[in-house]
Every structure is written in structure tokens, then in C-alpha cells.
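Here is the structure we will look at, set down as C-alpha cells.
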Amino acid sequence: MTPRGARFAGLIIALALGDFLFLQARSAWTSYWLLTDGRQGTAIVTHELWSGHNGVGYRYVIDQKEYTGRSSRNSSEKYNRVQPGEQSVVFFSASHPWLSSLNKPDAVAPGWPVLLLVVVFEVFALITIIKPTSGWAFSLMDKTKC
């Protein structure tokens, strides 16, 4: 593989891992605020999500302002089968009411060992983009020919 091809492959890997890290950071941010100043309210399930994982869209009202959210259904027996048009419990941040979930989080970043591993691979992908012949770059090409 040429250095240009190695850089392109590194870019694809970096973008995929970066997207994963961004989503995990957003989830950790939401979990942090729900654990810090979370309140409980009532949401109306509006639709089912095609993404799987038992996901639904919902809306809820805080201080006469309507917010929307997406989450997997609440895991309690009372709310785990709610359908569009039905009510569910919602957990939202008092200081950031647009942050919400139908499930109360257990921890801010429950999968932190995986996140640490992904960060390491992200660094290797960035090194591959910057200098594909580096000993720290992914072995996508024969580094002795360059």
C-alpha cells in the first residue's frame, strides 16, 4: 500500500473511532448531569426508533417548555413495553432540562476500559495519517520501501 493509501485508511479508521468516542462522550455528559441533579417526570412516547435496542422517541414538558428525546425504553416492568401515545417515566437534568433519558444511569462512563482502548487506537490512526512510515503507525504498508 502506498503512503497515500495508508493515510486514507488511517483517516477512515480515525473517523469511525472518533464518531464512537463522540457518542460516548455525549452519553457520559448526559449521564453525569442526570446523576448530579436529575429529576423525574412524565414523558409521552411519540414513536419507535428503527435503530433497534428497544429505542423510542418521546416528549416531555418542564416549566411549560416542551423537550424531545430518544432513549431505550425504561427497563422496569411497568414501562418496558410502552407504545407510542403511552406515558413513561423520564429522568432529566434540572440545570440542563434538554438532557434526558427514560432510564436512570448507573454510572457516568460504565465502559471506560473500552474507551481507553479506543483512544489508543485513535492515536495510532492519527499517527498513520500524519506519518504512515512511523513505527507507531498501523502496519498498512511496507515501511522499508519508502
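All of the numbers you see were taken from the coordinates with simple rules; none came from a lab. As the structure is a computational prediction, the values presented were derived from the model and not from experiment. Glycine also receives a Cβ, built like all others from the backbone with ideal geometry; neighbour counts cover every protein chain displayed.
Between Asn80 and Val119, the C-beta separation translates, for a Förster distance of 41 Å, into a calculated FRET efficiency of about 0.75. Available extension along the chain between Trp98 and Arg39 is 20.0 nm, counting 0.36 nm per residue and deducting the alpha carbon span. Quickly estimate the mean residue ellipticity at 222 nm for the chain, helices only: each DSSP H run with n ≥ 4 gives -39500 (n - 2.57), and the total goes over all residues, rounded to 500. Result for the chain: -13000 deg cm²/dmol, rounded to the nearest 500. What's the longest bit of the chain with no exposed trypsin sites (Lys or Arg not before Pro), using DSSP loop states and at most 11 other Cβ atoms within 10 Å as the test? The reported range is 1-77. For the stretch 106-138, the set of chymotrypsin sites (Phe, Trp or Tyr not before Pro) satisfying both a DSSP loop assignment and a count of at most 13 other C-beta atoms within 10 Å is given as Trp136. Taking the square roots of five times each eigenvalue of the Cα gyration tensor of the chain, the equivalent ellipsoid has semi-axes of 42, 15, 12 Å, listed largest first. For the chain, the relative contact order works out to 31 percent when only alpha carbon pairs closer than 8 Å and six or more residues apart are counted. The coefficient of translational diffusion for the stretch 1-83, derived via Stokes-Einstein from the alpha carbon Kirkwood radius under 25 °C and 0.890 mPa s, stands at 155 µm²/s. In plain terms, the chain is cut at each of the GluC sites (Glu not before Pro) found in a DSSP loop with at most 15 other Cβ atoms within 10 Å, and the longest leftover piece is 1-76. Taking only the alpha carbons of the stretch 73-146, we obtain Rg and Dmax values of 22.2, 64 Å in that order.
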